[in-house]
Structures are given as C-alpha cells and as structure tokens.
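The values are calculated or read from the model by the stated rules, or taken from the named source; none is laboratory data. Everything quoted here is computed from the prediction, not taken from an experiment. Note that we place each Cβ from the backbone using ideal geometry, even for glycine, and neighbour counts take in every protein chain shown. Only protein heavy atoms, including side chains, enter the accessible area calculation; ligands, DNA and RNA are left aside. Shrake-Rupley method; radii C 1.70, N 1.55, O 1.52, S 1.80 Å.
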Amino acid sequence: RATMKSLRFISAEAFVSNAEFARKSLGSVAHNLFPLLFKASYLLEQGEVIHDLVENWPLVDFNMGKLLGTTVDYQEDLSHRTCSVCLESCLTGLRDYVLNHPSPYMKRLKVVDLTGIKDVEVQFCECKKTMGRWARTQLLSKLCLELLVYLQQTQCSPGTFEISIDVLIDLYVTERNYELVVQALLKKCYCPLKICCVAFRSDNLALQKFFYIVKLADPSLLRKLEIVHNVRLEMEHLEILFSSIHFPLLMSLTLPARTFNVRRFTATDEQMLTNIGEKMSEMTQLTELSVSFSILTGRIQKLLSPLKTPLKMLDVSNCSLNHADMAYLANSFHANHLEALDLSGHNIPDLYPSIFFKLLSHSSSVLRSLTLEDCNIQDTHVNMLILALSPCQKLQEFKFIGNPLSSQALKHLFTFLCELPMLKNVEFPVPRDCYPIGITYPIDDASLCRFDHQKYESVAEELNLILLQANREDVKASTPLFGSYDAAVQETNNELGAYLIKSFKETLEKFTTSLNKMS
C-alpha cells in the first residue's frame with residue numbers, strides 16, 4: 001500500500017536525488033530541513049548525501065528512530081531498513097563531523113541515538129545488503145579507534161578535543177569482535193564519540209570475557225541484558241554477577257539455557273536462588289524476564305516473588321514447570337500485567353488446564369503475545385483453547401507450532417482467530433494429517449520436514465481463505481518450521497556454527513580419551 005508523501009517530502013526527494021547538486025548546496029539549507037532531507041536520502045539510499053548531512057548536522061540531537069519513524073511529511077516507518085549503504089554513510093559521517101568542521105564552536109550535536117533501528121527478516125532497500133546489530137557494533141568501535149589514532153597523529157584545532165557526543169547503541173559482542181569492542185570501551189574517555197551501551201547482547205563468549213566487558217560497558221546505563229546460547233553461565237556465576245555488578249536501570253533480562261537446574265539442587269543452591277531473587281528485587285525497573293530451557297520445577301515462586309515491579313514479559317518455555325509453579329503464576333501480581341507470555345514445552349491440557357484458564361483470564365486485558373509451542377494441544381482441546389483465548393481481545397500475536405492438530409481443527413481455530421480484533425501474526429503447525437501415520441510429538445528435527453508439502457500448501461491456502469473471507473488480510477499466518485526469525489542469530493550463524501562444531505569435536509576427543517583409558 002503506497003504511503004502518502006507531502007509536497008515538502010517530494011521536493012526533498014527531488015533535491016537529494018541529484019547527489020552532486022545536493023552536496024554542494026547543503027551550506028545554504030535551513031537547519032530545520034536537515035531531518036526531512038535525511039529521511040528522503042535514506043529512502044532513496046543516497047549514501048553520499050546521508051554522509052554529508054550527518055557530517056554537517058546542525059542540531060543538538062540525532063535520533064535514528066525518530067528521524068526514520070512516522071513523520072508528518074512521510075508516514076512510512078523506515079527504521080526497519082538496516083540498509084548497509086545508509087548506515088555506513090551515517091557512521092562515517094559522524095566520524096567526519098568530529099574531524100572536518102571548519103568552525104568547531106558551531107557544533108551543537110550532543111547525543112546520537114542508534115537504538116531505534118529495528119532488525120527484521122525482510123529488507124526493502126534496493127541494495128538488499130543489511131548491516132545488523134553485530135556489524136553496527138563492529139563498525140562504531142572501529143571508527144572510534146580510527147578517530148583516536150587520527151587525532152593523535154594530526155594537528156587538530158583545540159576545539160576538536162572539546163567535542164563530546166554520546167552515541168547510544170545496542171551492543172552485540174561475540175568472540176570475533178570482542179577485542180575491538182574492548183579497546184573502544186577502554187579508550188572511551190579520550191574519544192569525542194562516547195559509546196553509551198543501552199542494550200547488551202553476548203553470545204559465543206568465555207565467561208571471564210563476558211564479566212570483563214559487561215563491567216566496561218557501564219552497567220549503570222544498561223536497560224537490556226541478553227546472555228544467550230554459547231555463554232556458559234550457571235547459577236553460581238549469575239549470583240556472582242548480581243553481587244558484583246549493579247544494574248539500576250535494567251528493564252529486560254535474558255539468561256542462557258540451563259542457567260538453573262533444580263534437579264541437582266543442594267541446600268547451598270537453594271540459598272543461591274534466594275540470593276538471586278533478592279538481587280533481582282533491587283532491579284526496580286525489571287519488567288521482562290526470559291529463563292527458557294532452565295529446569296525450574298517448583299521454584300518459580302522463589303525466583304519471582306521478591307520482584308517489586310510486575311513483569312510485562314515472561315518466557316518460561318521448556319522450564320519443566322509443575323502445578324504449583326503455574327498456580328503461583330496465575331495468582332501472582334504479575335498475571336494482571338503480562339503483555340507477552342511464553343509457556344512452550346509444557347503439557348498444558350493434561351497437567352494444568354484450569355490454572356491455565358485462570359492465568360489467561362487474569363492477563364487477558366493486556367496480553368499482546370502468547371506462545372504455546374510443543375504444548376501437546378490436540379483436536380479435543382481446541383474448544384477449550386478458544387474459550388481460554390476469547391477474553392484476550394488485545395492479542396496481536398499467537399504462536400502454536402509443534403502441536404498435533406489436524407487440518408480440520410486448524411480451520412475451526414482460524415475461524416475463531418478472525419474474531420480477535422488486534423491479531424496481526426499467527427504461527428501455526430504443519431497439520432498432523434500431513435505427516436506419516438504414527439508420527440510422535442514433539443517431532444524430532446530429522447522428521448520435521450518429512451511431510452506432504454502439497455497437502456500442507458493446500459491447507460495453508462484454505463486457512464488464508466478463512467482470513468480473507470473475514471476481511472482479515474491484515475493477519476499474517478505462517479509456519480516457521482525451525483522457530484521464529486532471530487536477526488542476531490542469523491547475522492552471526494557462521495561464527496556460532498563454527499563454535500558448535502569445535503565444541504562437538506572437543507567432546508568427541510574427551511570421549512575417545514576416556515574410552516582409551518578404560519581399555
């Protein structure tokens with residue numbers, strides 16, 4: 001659907017489309033037109049013009065989210081375009097802002113906010129080349145270090161050293177860019193561009209390195225902390241982390257798989273869990289928590305009850321929760337505030353159907369996203385599910401792949417889903433009748449793709465027709481077999497793949513050595 005452009009925006013596009021003319025004429029452009037020209041240049045991918053606009057930026061702040069978001073002159077939101085040409089031009093323009101201005105006293109820029117950039121699966125930019133969060137972390141760190149080297153080697157005007165610009169960014173650090181980012185953070189106080197880490201994601205990193213860099217990144221500013229996949233953080237490490245570092249502004253916390261395992265708990269571990277809960281209670285801004293693939297049977301209350309602020313997002317997928325855990329969740333003060341909930345990997349219909357009802361009824365007035373993957377929801381449970389979802393009138397996203405539902409049951413469910421007014425995204429399973437008879441759930445990775453693709457396409461077409469006939473073409477329905485898209489994993493999958501192969505090789509070597517010793 002085409003978005004309306006104002007006459008001002010059309011004029012701005014015409015101006016920036018001739019890059020040579022635009023660059024020569026920037027000196028005579030009114031300061032309040034820079035944001036308009038920036039968005040027009042970004043839409044047309046005019047890298048050179050973007051560079052020069054940033055290099056000569058006349059305003060106090062430069063906020064990517066606001067500049068590219070919905071504006072009066074052009075309502076389309078471009079903040080999900082992580083176009084490599086545009087973003088590289090922005091960042092090199094920022095470096096040259098520090099270096100190339102003839103009169104430093106005219107420089108007003110104090111804050112650059114890059115946190116509004118959204119990484120999405122489908123890119124609409126012409127170049128089709130994206131710059132993800134990892135690459136943005138890498139480039140900004142590199143430019144800061146280059147800037148320092150240049151300032152040391154060159155005779156710069158004294159005013160250049162007085163420039164101080166806070167650059168707000170979501171850092172993403174792995175083994176491969178660790179050294180570079182560490183150097184940039186260590187030298188932050190000498191650099192005119194100050195990296196200010198608002199969100200920090202760490203993957204494929206040794207624990208020692210993680211602890212070191214998270215301290216360097218200034219935890220007092222951190223709003224989001226994601227420790228994922230290949231960071232071997234266990235409960236004792238988490239206790240040390242929370243005891244030695246304070247996160248006063250932290251709003252969102254994601255912990256790696258197997259951080260907790262109550263099956264191995266001793267009295268010391270119980271005390272450790274209590275300490276962690278108490279430390280989390282000091283994080284008064286914390287409203288999002290993800291502890292997926294940890295074993296937390298019977299301990300959810302111990303972990304969550306100390307929190308003073310209600311959670312808005314909770315991911316306890318594959319955490320082996322029991323009836324007491326679910327009862328605590330349903331009756332806790334968190335239930336009335338949950339906007340996003342992931343209970344995947346729990347046998348909801350058999351273990352705690354009535355408690356599940358209660359939990360959904362308590363969160364129904366605010367719930368926007370619900371994920372129930374691999375929950376053993378069968379055809380006989382669909383009416384119960386419809387009843388439970390009926391009050392959730394604000395639901396925007398419902399994901400339930402991996403459940404043994406027939407195509408008939410899916411059609412019945414979709415007819416109901418059309419009635420949820422805010423719904424935008426549905427992830428549904430491959431129907432059970434598309435798989436060979438006797439398939440067991442949860443389906444292992446090897447069998448996941450062994451279904452009748454033609455039959456699936458036919459059912460998917462029927463489901464989309466149900467949406468279409470109900471005038472709900474605004475709802476996107478899909479079956480991502482291997483889980484939802486994760487931009488960060490997608491960007492670094494080569495490095496992570498290499499790490500996993502290395503780990504597997506090391507495990508095999510240890511196993512072989514043990515066998516040899518035995519024989």
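Quick notes on this one:
- When each of LYS110/LYS194; LYS128/LYS224; LYS187/LYS215 is checked by Cα-Cα distance, pairs over 19 Å: LYS128/LYS224
- Neighbour net charge for SER243 - beta-carbon separation under 12 angstrom, K R +1, D E -1: -3
- Cα shape, region 1-44, gyration tensor, a/c 1.5 rule: prolate
- All other residues whose Cβ lies under 12 angstrom from that of PRO256 are scored, Lys and Arg at +1 and Asp and Glu at -1, for a net of 0.
- Using the rule -39500 (n - 2.57) for each DSSP H run of four or more residues, divided by the residues of the chain, the 222 nm mean residue ellipticity is -13000 deg cm²/dmol.
- In terms of its C-alpha gyration tensor, region 324-471 has an oblate overall shape, because the principal axis ratio a/c (a ≥ b ≥ c, square roots of the eigenvalues) is not below 1.5 and a/b does not outweigh b/c.
- Of the solvent-accessible surface of the chain, computed with a 1.4 Å probe and all protein chains present, 55% belongs to carbon and sulfur.
- In terms of its C-alpha gyration tensor, region 121-190 has a prolate overall shape, because the principal axis ratio a/c (a ≥ b ≥ c, square roots of the eigenvalues) is not below 1.5 and a/b outweighs b/c.
- Electrostatic tally near MET313: other residues with Cβ closer than 9 Å to its Cβ, Lys and Arg +1, Asp and Glu -1, net -3.
- Computing percent of Cα pairs over 37 Å apart for the structure here picks out one of (i) 33; (ii) 45; (iii) 41, namely (iii).
- Placing a label point 7 Å from the Cα of LEU7 along the Cα-to-Cβ line, the residues of region 65-86 whose backbone N sits under 20 Å from it are 71-75.
- Packing-based ranking, highest mean first, of 83-95, 248-260 given that Cβ atoms within 10 Å are counted: 83-95, 248-260
- The protection proxy used here, the mean number of other Cβ atoms lying within 10 Å of each residue, ranks peptides 176-184, 401-409, 65-73, 469-477 as follows, highest first: 401-409, 176-184, 65-73, 469-477.
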